[in-house]
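Read through the structure below, which is laid out as C-alpha cells, and then see the notes.
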Amino acid sequence: MTIRTIATTPIDGQEPGTSGLRKKTAVFSAPGYLENYIQALFDGIGGVADQTLVVGGDGRFFNDRAIQTIIKMAAANGIARLIVGKAGILSTPAASSLIRDRKADGGIILSASHNPGGPDGDFGVKFNTANGGPAPEKVTGRIVAATRVIQEYRIADEVEIDLDRVGEVRMGGTAVEIVDPVDRYAALMETLFDFDKIVGLFRSGFRLTFDAMHAATGPYATEILENRLGAATGSVINGTPLPDFGGGHPDPNPVYAKPLFDLMFSADAPDMGAASDGDGDRNIVLGRGLAVAPSDSLAVLAANAHLAPGYKNGLAGIARSMPTSRAADIVAQALGIACFETPTGWKFFGNLLDAGMATICGEESAGTGSNHIREKDGLWAVLLWLNIVAERGIGIADIVRDHWVSHGRHYYTRHDYEDVDAETAGALVAELRERLGALAGTQVNGLDIESADDFAYTDPVDGSLTEHQGLRIHFTGGARAVLRLSGTGTAGATIRIYMELYEPPAGDLDQDPQMALAAIVDAVETLTSVRARTGRAAPDVVT
Ligand code: VG1
Ligand code: CO
C-alpha cells in the first residue's frame, strides 16, 4: 500500500454544532475540506492506529465518495478495522448499535440528518465514541483544536472498494468489513418489544403508514414492519434511500412531511402514521386526526414503557432537553423517578445513560430513544408506540387524550425563523440576554414574568459546565418561552422560539395549541420584535 502525505493548511470554521460538522455539500466536497477534517478528527482522538471504527452515512449525495476517502485515510493512518454499512449506508441508530455490539472504538457518521441533501443541499460528519453516542464537547474540542494546527493529511493510493459486496477485504494492514446492518438492528428490536403481540395487532386489521422520506430508515422499516411484523405491503412509503431524498427535505414535521399529515387528517386515514428523518433518528407519530407533539410522545412513552418487555422493570429516570415541554417531568414525578433537563443535542444524554441514571430520553424536535443505544431512534419509538397500542387495545389519539386527562396537558409550539441574517439573529439574542436580569417582576402584554435566565447545565456525572444554552422566560402560572439559535443550519441563522403552557387535568384539554399559546406568542413578539426585525410576517416552520 502506497501512502501519500499531502501538505495542507487549516480551514476556518471546521467546528461541529449541535450534531457534528454540517456545511453545504459544495463546501464539504471541495478539494481538501473533508480530508482536513477527517485527519484532524483522527489526530484529535489521539490517532487511530490499531483501532476499530464503524463508518456509514444516511446515503445523501457525496456519501459514497466521502466514504471511499475516509477508508483510504483510515488505512493510511494505520487503523486495524473498519466496519462499513452496505452501500455506505447506516442509519444513525444502527451505527450506534453497531459500535456498541462490535465494541468498536467509535464511529464516523456521515449525515446532515434532517437538512436537505443533493449538490445544493447539506452534508455533515459526526464522530461517535465507544459508548455509541455523539462525542461529548471535550472530545469535539480536541478535534477542533487539531483542525487549527493541521499541516498534512495521509491517504492511501488505492482503488475504491465495492461497498455493495458484503464481506471482508483488505487495504494494506486494514480489514474493511462491509456489513448489512438491517438484521442486527431488527434482532435488537426483537429483544425490546413483543413482536408477537404487534403481529396480532396487524392481523386484527390495524393500518399503518410509515413515511421513510426516501432516507436511511427505509430498509429497516420494510424489514421490521412489513416482513417481520406483518404490516400490509405498502405500509412503508418512500422506502428507498435516495441521494437527494427524492427532492424532499427529510424532516418529519408538518411542513416537510405534509402528505403524511394530510393523510392522517383525511377521512381515509389509517390507524397510525409515522415518519423518520434523513438519518433515521427522529420520529413523528400521528393518530387519526391527531399529530402527537414530540414532547407529549416522550411523556406517553415513559408512562407506558413498562408495557413493553424491554422496560417491564420500569425506568431508572427520564431525561429531556431543556426546550422540551415539562410533560415528562410530571410523569417522572408520578413514577417517583428523576427527570433530568439537559441542553439541546443527544450528546448530553450519554453520561446519564452510561451511568444508569436515565432510561428514556427525548427532545421536542421529534427525537426519542432509550438506553438500548446512545442515539435517538426513530423506528424504536414507532415500535414502542405499536407495542403500547397492542397492549392497551385503544388507538393513538385515545392514548394521548387519556394521558392528558390523568396528567394534564402541556400545550406546546415551536416557531422557527429560518435563514435569518446571522448578525440580525445574533444581535436579537444578545440584546434579550442583556435584559434578562431586569425582566423578573415585570409585565409584558399583561403577563407577569416570574424569572428569566440563560440556561447553563452542569453534567451530574462528570461535572462539566455548558453555558448559554437558551434564554428562558418563566411566566407566573407555569407558562414559559425559550429562545435559542439552531446549531445545525448551514446558511444564515435559524431562530427557534419554544413556548408552552400547562393546563391541569380539570381544564380545557381540547384547544388548538396555537390559540392556547397566542398570548405567549404575542408576549415574545413584544419582548423581541422577532417578526419586525427579521422582516417576516410569520415563522417559516411551526411545530
Ligand atoms: C436540532 C434539534 C435538536 C437535535 C438536533 C440534531 O438542533 O433542535 O433537538 O438534537 O437538531 O438532530 P438545533 O441546534 O438545530 O436546534 V438530527 O436528527 O438533525 O441529528
Ligand atoms: Co436526524
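The values are calculated or read from the model by the stated rules, or taken from the named source; none is laboratory data. Computed from a prediction, not measured in an experiment: that's the story for all the values here. Positions of Cβ are backbone-derived with ideal geometry, glycine not excepted, and every protein chain shown enters the neighbour counts. The accessibility values were calculated without ligands, DNA or RNA, using every heavy atom of the protein model including side chains. Shrake-Rupley method; radii C 1.70, N 1.55, O 1.52, S 1.80 Å.
Look at the range 245-274 and say how many of its residues are among the charged types (D, E, K, R) and in contact with a Leu (Cβ under 8 Å, 6 or more places away or on another chain).
Filtering the range 245-274 down to residues among the charged types (D, E, K, R) leaves 251, 258, 262, 268, 271.
So of that shortlist, the ones also in contact with a Leu (Cβ under 8 Å, 6 or more places away or on another chain) come out as 271.
The total comes to 1.
Hey, among Thr442, Thr528, which residue is β-branched (Val, Ile, Thr), free of Cβ contacts under 8 Å to residues at least 60 places away in the same chain and away from ligand 1 (no atom under 16 Å from the Cβ)?
Details: Thr528 fails: free of Cβ contacts under 8 Å to residues at least 60 places away in the same chain.
Criteria check complete, one pass: Thr442.
Condition check ((1) over 26 Å from Val420 (Cβ atoms); (2) outside any loop (DSSP other than H, G, I, E, B); (3) of a type in the set (Val, Ile, Thr); (4) touching a strand residue (DSSP E or B) at 6+ places or on another chain (Cβ under 8 Å)) across all residues:
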{"residue": "Gln469", "(1), (2), (3), (4)": "no, no, no, yes"}
{"residue": "Arg472", "(1), (2), (3), (4)": "no, yes, no, yes"}
{"residue": "Gly478", "(1), (2), (3), (4)": "yes, no, no, yes"}
{"residue": "Thr488", "(1), (2), (3), (4)": "no, no, yes, yes"}
{"residue": "Ala491", "(1), (2), (3), (4)": "no, no, no, yes"}
{"residue": "Thr494", "(1), (2), (3), (4)": "no, yes, yes, yes"}
{"residue": "Glu500", "(1), (2), (3), (4)": "no, yes, no, yes"}
{"residue": "Asp510", "(1), (2), (3), (4)": "yes, no, no, no"}
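Would you check which residues across the range 367-378 are open to solvent by 10 Å² or more (accessible area, probe 1.4 Å) and either away from ligand 1 (no atom under 11 Å from the Cβ) or on the phi > 0 side of the Ramachandran plot (or both) and list them? Break it down into steps so the answer makes sense when it comes.
As a first pass, look at the range 367-378 and keep what is open to solvent by 10 Å² or more (accessible area, probe 1.4 Å): 371-372, 374, 376.
Result: Asn371, His372, Arg374.
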Working only within the range 351-374, note down all residues that are more than 24 Å from Ile198 (Cα to Cα) and within 16 Å of ligand 2 (Cβ to nearest atom). Glu363, Glu364, Ser365, Arg374
Given the structure, is Gly32 surrounded by fewer than 21 Cβ atoms within 10 Å (Cβ to Cβ) and not aliphatic (A, V, I, L, M)? yes
Considering each of Ile99, Ile155, Ile150, Ile109 in turn, give the residue that is touching a Leu at 6+ places or on another chain (Cβ under 8 Å), in the same structural domain as Gly46 (by TED's automatic domain parsing) and touching a residue at least 40 places away in the same chain (Cβ under 8 Å). Ile109
For the range 478-495, name all the residues that are within 18 Å of Val530 (Cβ to Cβ), within 16 Å of ligand 2 (Cβ to nearest atom) and of a type outside the set (Val, Ile, Thr). Ser486, Gly489
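Is there a residue being within 16 Å of ligand 1 (Cβ to nearest atom), under 20 Å from Thr217 (Cβ atoms) and either acidic (Asp, Glu) or touching a residue at least 24 places away in the same chain (Cβ under 8 Å) (or both) anywhere in the range 298-311? If you could, list the steps in order and put the result at the bottom.
Residues of the range 298-311 within 16 Å of ligand 1 (Cβ to nearest atom): 298.
Those left that are additionally under 20 Å from Thr217 (Cβ atoms): 298.
When the remaining residues are screened for being either acidic (Asp, Glu) or touching a residue at least 24 places away in the same chain (Cβ under 8 Å) (or both), the result is 298.
Looking for residues that are within 16 Å of ligand 1 (Cβ to nearest atom), under 20 Å from Thr217 (Cβ atoms) and either acidic (Asp, Glu) or touching a residue at least 24 places away in the same chain (Cβ under 8 Å) (or both), one finds at least one in the range 298-311, hence yes.
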Only one of Ala316, Ala338, Ala267, Ala334 is surrounded by fewer than 24 Cβ atoms within 10 Å (Cβ to Cβ), farther than 15 Å from Met213 by Cβ and without any contact (Cβ under 8 Å) to a residue 12 or more places away in the chain; which? Ala267
Name every residue in the range 379-430 that is over 26 Å from Leu301 (Cα atoms), open to solvent by 10 Å² or more (accessible area, probe 1.4 Å), in contact (Cβ under 8 Å) with a residue 40 or more places away in the chain and not aliphatic (A, V, I, L, M), in order of residue number. Glu418, Asp419, Asp421, Thr424, Gly426
Index of the failed condition, Thr69 passing every other in (1) of a type in the set (Val, Ile, Thr); (2) more than 16 Å from ligand 1 (Cβ to nearest atom); (3) surrounded by 24 or more Cβ atoms within 10 Å (Cβ to Cβ); (4) closer than 30 Å to Ala212 by Cβ: (3)
Say whether the condition of being of a type in the set (D, E, K, R) and in contact with a Pro (Cβ under 7 Å, 6 or more places away or on another chain) is met by at least one residue in the range 87-104. no
Residue match in the range 523-541 (condition: open to solvent by less than 50 Å² (accessible area, probe 1.4 Å), on the phi > 0 side of the Ramachandran plot and outside the structural domain of Lys23 (by TED's automatic domain parsing)): yes
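Of everything in the range 98-144 that's among the small types (Gly, Ala, Ser) and more than 16 Å from ligand 1 (Cβ to nearest atom), which residue is farthest from Asn253 (Cα to Cα)? Break it down into steps so the answer makes sense when it comes.
First pass over the range 98-144, keeping only residues among the small types (Gly, Ala, Ser): 104, 106-107, 111-113, 117-118, 121, 124, 130, 132-133, 135, 141.
Keeping just the survivors that are more than 16 Å from ligand 1 (Cβ to nearest atom) gives 104, 106, 118, 130, 141.
Values: Ala104: 34, Gly106: 30, Gly118: 20, Ala130: 31, Gly141: 32 Å.
Residue satisfying both the conditions and the ranking: Ala104.
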Pairs, first open to solvent by 50 Å² or more (accessible area, probe 1.4 Å) in the range 488-510, second part of a loop (DSSP other than H, G, I, E, B), C-beta under 7 Å, six or more apart: Gly492/Asp421; Tyr502/Gly408; Tyr502/Gly478; Pro504/Gly408; Pro505/Gly408
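Given Thr191, Thr174, which one is loosely packed, with under 12 Cβ neighbours inside 10 Å and in contact with a helix residue (DSSP H, G or I) (Cβ under 7 Å, 6 or more places away or on another chain)? Talk me through it step by step, then tell me what you get.
Working: Thr174 fails: loosely packed, with under 12 Cβ neighbours inside 10 Å.
Exactly one residue qualifies, and that residue is Thr191.
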